[in-house]
Every structure is written in structure tokens, then in C-alpha cells.
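The block underneath contains the structure these notes are about, expressed in C-alpha cells.
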Amino acid sequence: MAVNIMPRSVCQCCWNSECCWTQRCKRAECIDPFMLKPPRPDEFDFDSENPGAALTSALQRPGGQAEALRHLRGLMERSIDPLKHIDAEQLSKMLRAGKRFDEFERLARPDFGCEGWSSGLVEDSRLWLAYRVDSNAQSLHTVLVQDVDGVDPVRAAVGYCTASLFQKHSSDVQSCTELAQSEDALLWHQIRKSSNDIVQVDLVNALHEPLGAIMLMIYPQPAGSPDFPGIAIPKASRSARSQTNRQCITLTPLPGGSMRMHVAALLSLGDQKTTTQVQQESMEGVVRLLRPLVSLWPKRFEAFLKEQHTELIHQESFSEQAPFYAVCRGYLTGQAGIKHSSLRQWTYMFGKHSRK
């Protein structure tokens, strides 16, 4: 049974009134925390009087990318050269991770106040959907919100990231094979009926950040990943999906061991004709177009998480990503210090340190 179906960014007090979404309610409990103005630089808490040591510690922690980026910003704001604490390779990897984090956070938490967004409740699945067509980029940006009762964010992350079980919740995937993995990243070879894709999944622990969620960043790496050098990439037997496609899943804890799942996707529409057609579609037409994502997969994934409960407990403890899951579990159970600190976008400050 779903709980509290409306996302945090929709007014909780008057679902049917005009204050929802486009004309926000002014009650404090209905304000969307993701739409608030970012804090000024002097309002940031770097969590440590020694951000260099904190940065090194965060880099050693599975899924510590978001925390490490915050401490890196602490060094930059204090005009301390980060290369005094980490080497050039670590810095280069962090910059890549920071840019990806920016991109995927915007994907999952866009500014819905911008022109072009449409949203509503999908009646047949009781999910909330927002979408926007970008005619210049010829793409469709969608955000789907689902509340799941009785499944916590860690268990959901385990379920999605277990490649051997992927076909049990994604019917369009014929096979999903691990090419490489680490404690907080996976490189997959996915074969669908119409495509052959190399996909990377990055796991980020942002439970202690304003995002307040576990983030899964999913993106194509057709020529291989710089995070897994030397991995042999299988020869494609069919065409790949667009390299501009992106998907982001955020898993936010709710009271009682439940969770809120945001599934965001950026989908290439291919050409201007298709873009115009989608732009002219009604909400119902877009829902039909996105039926596998909107009507089929959420129900299958929720059922899968509950049916595979025992197997997912095993995977959480013994998979390669077990250290990441343990860190996240610590935040959920209060055994790790949860301290909400603010993130800023990282792209703007790294011109002199960026490397290709």
C-alpha cells in the first residue's frame, strides 16, 4: 500500500486547490525544500576545522562522493590547494564526480517553476508525474514520484543494483551482465530487444546532505569507463540507445521504514518531427508514450522488492557494494552522524583544476 502519494514539492494541505504546484501554498509545511534559494557562501558548514583531513577521510568511505565534494569546496573557499591533501588523479576523479552529481541532481530535482513543465497524478498507477519537452535539445525530461510502504532506501538500492536480478523487474532487458564493479560503481552490459548498451551506475550516499537520499546515477559509457580502465567492452550486436540518455533514481527515507522514490529520465526524441509531436500531446498521450516507465516498471519494481526480500538481505551483506550499503544503513539507523550540510554546484569553480 502506498503512503502519502504526493511528493514533497506538492502542497499537502489542499491537493485539489489552485495553490498546488504552480501557485504555491504559503504554509510553512507546504514549501518545497528543493525550491528554496541556495544559501550564501558564508552560510555553508564545512563540518570540520580541518577540511583537508575530512576530505581524505570522505574519499576513503564508500559512497562518500557528496561529502568529499563538500570538503573540497571547504578547501577552495579557504584558498587551500587541494593537491596538498590528495593527488592529481584523485582530484581529477572528484571533478568528474562533482560535475556528474550536479547534472543528476538537476535531473532529479529540477526547477519546476520554469516554463514548459506539466504535471499531474497518473490515475491508473497512483503515481505523480512531471515532464517537459526541450525543443532545442530534442529531448523529454520526466520525473516520476512513487511512495513505497515497507521498503527502505537501502533495500531498494540493493534491488536495483543487483545485475543478476535485473530482468525480474525490467521486462525489456534480456540480459544484464556486470563487466566491472567497485564498492560504489558498476559497469553493466545490458541487452534489450532493440539495443545493446554499456551502462554505468554510480551509487552516492547523500542521506546526510540536503538531498536526503541515496542517489543512483545511470548513464551510457559505450567506449568504456575511465573509472574502470582496461575493461574489455563486448562487441555490439545491435544499435545502442542515445548517448545523451540519462536516468537518476533517488531513494528518500520516510517514517516507518518506507521510502519515496524519484525516477528521473532524460530521453532523446531523435528528431524535430517527433519532438513537435510529443510537445503537442496531452498528459494522457505522454503517459501512453511513457507506459513502460510510468505504468509498468514502478509496480513491477515494488513487487520485486517485496518478493525478493530474503535474497536482497543476502545481497546487502555479501555483494561487492556491501560496504556502501552498510554506511547508508548506519545513517538510516542513526549509528552515523546525520548532519545536513549544503552543497553548491561544482562546475563553476574548477576551471583551473579541470582535466580532460
Mean Cα-pair separation over length for the stretch 118-333, i.e. relative contact order, pairs under 8 Å, 6 or more apart, %: 26 percent
Arrange Glu115, Glu183, Glu77, Glu105 by Cβ neighbour counts within 10 Å, fewest through most, would you? Glu115, Glu77, Glu183, Glu105
Treating the stretch 118-333 as a set of equal point scatterers at the Cα positions, no solvent, please give the Debye-formula log₁₀ I(q)/I(0) at q = 0.08, 0.10 Å⁻¹. -0.29, -0.45
What does the extension gain come out to for Gln90 and Ser237, with contour length at 0.36 nm per residue minus their alpha carbon separation? 49.4 nm
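Which of Lys168/Lys299; Lys193/Lys235; Lys235/Lys273; Lys168/Lys193 have a Cα-Cα distance over 20 Å? Walk me through the numbers on the way to the answer.
On the way: Lys168/Lys299 12 Å; Lys193/Lys235 16 Å; Lys235/Lys273 32 Å; Lys168/Lys193 16 Å.
Over 20 Å Cα-Cα: Lys235/Lys273.
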Quote the relative contact order of the stretch 73-176 in percent (integer), defining contacts as alpha-carbon pairs under 8 Å separated by 6+ residues. 11 percent
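Could you give the C-alpha radius of gyration of the stretch 142-181 expressed as a fraction of 2.2 N^0.38 Å, taking N as the number of residues it contains?
Values: Rg = 12.2 Å, N = 40, 2.2 N^0.38 = 8.9 Å.
Against the compact-globule rule of thumb, the ratio is 1.36.
Please order Lys168, Lys193 by the number of other Cβ within 10 Å, starting at the fewest. Don't jump to the answer; show the numbers that get you there.
Numbers: Lys168 17, Lys193 9.
By the 10 Å Cβ count, ascending: Lys193, Lys168.
Can you tell me the equivalent ellipsoid semi-axes for the stretch 273-329? Use √(5λ) from the Cα gyration tensor, largest first, whole Å.
The answer is 38, 14, 8 Å, longest axis first.
Every read-out reported here was derived from the displayed coordinates using simple, explicitly stated rules and does not represent laboratory data. None of these values were measured; they are calculated from a predicted model. All Cβ positions, glycine included, derive from the backbone under ideal geometry; neighbour counts span all protein chains shown.
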